[in-house]
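In what follows, a single structure is set out as structure tokens and then discussed.
The values are calculated or read from the model by the stated rules, or taken from the named source; none is laboratory data. All of these numbers come straight from a predicted model, not from anything done at the bench. A quick note on method: Cβ atoms are made from the backbone with ideal geometry, for glycine too, and the neighbour counts reach across all protein chains shown. For accessibility, only protein heavy atoms count, side chains too; no ligands or nucleic acids. Shrake-Rupley method; radii C 1.70, N 1.55, O 1.52, S 1.80 Å.
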Amino acid sequence: MRYFCAVMPSPRFIGSEIYRRSRYGGKHPLAIPRVSLAVDLCRALGWLPADRYVDSPVATVEQLTRFHDPDYVAAVQQCERDRGATDEQRKRFNLGVNGNPVFGEIFRRPATAAGATLHAIELLKMGGIVFSPAGGTHHGLKGRASGFCFFNDPVLGILSALDKGATRVAYLDIDAHHCDGVEIALADDRRVMTLSVHEAGRWPRTGNAGDPSRHVHNYPVAAGFDDKDFESLMNSEILPAVRAFDPQLLVLQCGADALADDPMSKLALTNASHARMAAAAMGLSPRLLVTGGGGYNPWATARCWTRVWGVLNSLEAEHPIGPEAEAVLRAVTWSHSRGRNPPEAWFDSVCDEAD
């Protein structure tokens, strides 16, 4: 893997129409528009010209089994074909239970997210920035679905980078939940640094301590953790650790469930924290892959990821946003109690905080 390119390509955005027509189903927390809404909002703002958008490939079985057990990958494929899981598949692979539902695209959708991350690693060989909001499925285990995650795209992407010759890869996760699947898979590889900021005591209740000798840095934070707290932690702990590691590739997982407007955590961030982290990340490595992750309020998630994409391109939305972008947001419905009377602030800006 070459270390840098003299002329960096423009940032690229990887997406797919599968997220527009696919839902986890029923009342699942992910039965909301997220990636498709972010794409539509970016386009409505004029931030996503055709030459910056890349249609995601679907990861092959061979690519998926670089990390995942072949029997598990085959079981996910069979669940898609059969539209259901057997008792054995439920028990052995955690499919169709515990928040990991069988739905129409149970294989193709996560395989597309994994394909995006793997393609991003190819695009980044010569340096640059790639944004893949469908990525960040950090709970997936080698042989089991976990935490709404069927395949672990960050692990697959990092392994691909290592296979291509990278010797220092940093993974930084600011999702409200600890990146247990990534840490389990990669903590013993000294070429990889993992850093995770997450709510203490929240599922999966791991990440309570770090191990700097293995380049594992965990920052469990208390409920109410806000932008000032985040900025302090970022400047005092996270940025110095990453700079000292000097990664050839940095993967930044921008889960939006740490936002105050998200129902799945008790953290109190605005998307200003995600924007600041994305801006800082651009100076930490010649290669930057930014992914999504959690995010269970459609408006908050799409606005957050849109703002991150803006930061990666040195773009800032007008306030209030134009009528086309506002119409994209107002077309969304959300059956959650927080969606019954959404505040006007969710429609007139991509920024959470008052500027």
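For this structure, a couple of remarks:
- Of all accessible heavy-atom area on the stretch 261-329, the percent that carbon and sulfur account for (1.4 Å): 51
- Out of every Cα-Cα pair that the chain contains, those further apart than 40 angstrom amount to 6 percent.
- DSSP bridge analysis restricted to the chain gives an antiparallel fraction near 10%, rounded to the nearest 5.
- Over the chain: helical MRE at 222 nm, DSSP H runs n ≥ 4 each giving -39500 (n - 2.57), nearest 500: -10000 deg cm²/dmol
- Protein accessible area in the stretch 157-231, 1.4 Å probe - carbon and sulfur %: 48
- Pairs exceeding a 25 Å alpha-carbon distance, out of Lys91/Lys164; Lys125/Lys228; Lys228/Lys266; Lys91/Lys142: Lys91/Lys164; Lys125/Lys228.
- From the alpha carbon centroid of the stretch 62-108 to that of the stretch 315-355 is 36 Å.
- Pair Ser232, Asp51: separation of 7 Å Cα→Cβ label points (nm): 4.6
- Average projected area [Cα convex hull, the stretch 27-180], square nanometres: 10.1
- Averaged per residue, the chain has 39 square angstrom of accessible surface, using a 1.4 angstrom probe with ligands and nucleic acids left out.
- Rh (Kirkwood; distinct C-alpha pairs) - the stretch 226-355, Å: 15.5
- The label point for Ala331 and the one for Ala74, both projected 7 Å from the Cα toward the Cβ, are 4.3 nm apart.
- The stretch 41-126 - percent of accessible surface contributed by carbon and sulfur, probe 1.4 Å: 47
- Pairs of alpha carbons in the stretch 179-256 separated by more than 16 Å make up 52% of all such pairs.
- Think of the chain as a dipole: +1 on every Lys or Arg Cβ, -1 on every Asp or Glu Cβ, centred on the Cα centre; then among Gly96, Pro33, Val332, Gly96 lies furthest on the positive end.
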